[in-house]
1. Please rank B:15, A:144, fewest neighbouring Cβ atoms within 10 Å first, as an exposure proxy.
2. Would you mind counting up the charge near residue A:74? Only other residues with Cβ under 12 Å from its Cβ, with Lys and Arg at +1 and Asp and Glu at -1.
3. What relative contact order, as a whole-number percentage, does chain A give when Cα pairs under 8 Å and 6 or more residues apart are counted?
4. For A:230, B:244, which order do you get if you count the other beta carbons within 10 Å of each Cβ and list the fewest first?
5. Taking Cα centroids, how far is the stretch B:140-193 from the stretch B:238-276 in Å?
6. Which distances, shortest first and in nm, link residue A:320 to the matching position in the other copies, using label points set 7 Å out along Cα to C-beta?
7. So what is the relative contact order of the stretch A:138-214, in percent, for Cα pairs below 8 Å that sit 6 or more residues apart?
8. Is the shape of the stretch A:211-322 best called rounded, prolate or oblate, per the rule: a/c under 1.5 gives rounded, else a/b larger than b/c gives prolate, else oblate, with a ≥ b ≥ c the square roots of the Cα gyration tensor eigenvalues?
There are 2 protein chains.
Amino acid sequence: MSEQRVGDVDEGTLLRRIFAVLEGSSAAIVGPGDDAAVLRTPGERVVATTDTLVHGPDFRLAWSSGTDLGFKAAAVNLADVAAMGARPTALLVALAVPESMPVSFVEDLAGGLRAACDELAPGCAIEGGDLTVSDTLTVAVTALGVLEGEPVRRSGARPGDVVAVAGALGAASRGLQILFGRFRDATGTPVPVDLDTLSAGERADLAAQLRPAPPISLGPIAAAAGATAMMDVSDGLVLDATRMADASGVTLELSSRLDADALTGGEDHALLATFAAADVPAGFRVIGAVRPRASASVTVGGVVPTGRGGWDPYRDWDAARG
Amino acid sequence: MSEQRVGDVDEGTLLRRIFAVLEGSSAAIVGPGDDAAVLRTPGERVVATTDTLVHGPDFRLAWSSGTDLGFKAAAVNLADVAAMGARPTALLVALAVPESMPVSFVEDLAGGLRAACDELAPGCAIEGGDLTVSDTLTVAVTALGVLEGEPVRRSGARPGDVVAVAGALGAASRGLQILFGRFRDATGTPVPVDLDTLSAGERADLAAQLRPAPPISLGPIAAAAGATAMMDVSDGLVLDATRMADASGVTLELSSRLDADALTGGEDHALLATFAAADVPAGFRVIGAVRPRASASVTVGGVVPTGRGGWDPYRDWDAARG
């Protein structure tokens, strides 16, 4: 029997298959199935963010399984909620799928979304969504969260604070280099990963790229500890630290011990935060200091970095998919 | 000078152009520009929904301007919030754009999103978003809203209630028929609309399709008046009334005076609601009655409708764009 494709089933059938994967996870007042979800927001505030993964600039199907893709689409959004000091409570998922995709891929994607919530942000669930066909596989996730105290913005870093980070720096970028460097054929087309050819460290880097696991629970912990500024490192430490420095009107002095991967590699979704020195909570490591604004936004070992690094899809995408 | 394209500018420049269009509209505690937005949610609940427009199954660029597309992407989501009895407060917009699109199109799209909020849901604003490149123009909108009282679900219709509707029924479908019937060339490729060839009524139908204006403000009014069930009519009255009847465990008897366009035409995003007969608020018109569950979910003039109508992109999309 040939594999069932999205184009072979009607929307209702596909939705039932997805709901079966998500069953029992909703914690909302009104969950999936009505015109809109209704969610609890203690404290009368909600944190909301959206981030999209698009086939081509953001992932290749030769390398990412449906589970990987769902997991990553959730993780990158959960990290943005955590970076405000909030606890993620709900995802809404707008999925646009080519008719040629296997139905099982869509089920795996839903499973990956659920797994990321269960592992990274217990209590968070997929509470709504939308399903349409498209020539381009696109996963647009909106994440919502709640705050115990005040939101932690990227603009609050104060001279005298320390700069600290929680989570990996550089691993996801090394994983991307492994994929592009070793798992394409002579024409440049992506080919499936052969894990047997990779060391344990390389496998970890690959996992960081394909299925990132940022320290979501440390976001609210950092907020409670008194973080003065926070953001997630999505585009590389130097680039994102520059954004924090500019928003805060300070200079961030980063340690000379950070290597090039840590400084410029994107997509780790580590949490970058500033604290009074005595306030740094467990799970964060100090990587620098906040100084009064000098000419440079960021220095590394006292030197102004030349390359900012970071992934700008407008600059870098070569229109390939695979 | 040739027109500037998305692929000609970096992400920061494009974001600045979009922010310029949205400037001054944010009412959030934290608006666009940080990792996530922070929104007020009086009553400790938030209503959340997401709906996507994809180039091909949902719109054609020969027919929809950027302004039209932004307006419609907002309107369809605002209608889902209103259909819960909620007042929309914020949109988050995940935009995936081909590099070949004019920058001015993206600005127009942002302007259309803003205009829909201003016209249909004053106080609602675009509070966050995401921008990526893609081969397929995709606008995924998430709408959030707040409730004064309890959410109005589609499952609360009670025998003895009347069935009422606010907003147009059938106009958007007639508009789609005009586009497909009269504004394609001999090969079936969409061509720009010549308004001079249309009657006033036809122009109104076209506007209903390209730039729908559902009665968003009547959602909270219906809730306050005691609506027992409510939903928006996105896929055609008979199909959506069937969903309401099945969710509520009742039969909806609809009037024989409804014409075929009203019964089967989709995309109007009218509000379908049930009320005790004395509670129907101004703006709603009675179109039927709720009866104890019989064998059929819906009857029209006492007859079980044969065609349910409604737009199922899985069934109908022919893979064309234009």
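Each reported figure results from applying straightforward, stated rules to the coordinates on display, with no laboratory input. This is a predicted model, so every value here is computed, not measured. Heads up, the Cβs are rebuilt from the backbone with ideal geometry, glycines too, and the neighbour counts pull from every protein chain shown.
1. Numbers: B:15 15, A:144 30.
So the residues, fewest neighbours to most, are B:15, A:144.
2. Values: positive: A:72, A:114, A:211; negative: A:51, A:68, A:80, A:118, A:119.
Local net charge: -2.
3. Numbers: 764 pairs, mean separation 72.6, N = 322.
Rounded, it is 23 percent for chain A.
4. On the way: A:230 29, B:244 26.
By the 10 Å Cβ count, ascending, the order reads B:244, A:230.
5. The stretch B:140-193 and the stretch B:238-276 have Cα centres separated by 12 Å.
6. The projected label point of residue A:320 is separated from its counterparts by 3.5 nm.
7. Working: 45 pairs, mean separation 27.4, N = 77.
RCO, the stretch A:138-214: 36 percent.
8. Details: a/c = 2.03, a/b = 1.26, b/c = 1.61.
Note, shape of the stretch A:211-322 comes out oblate.
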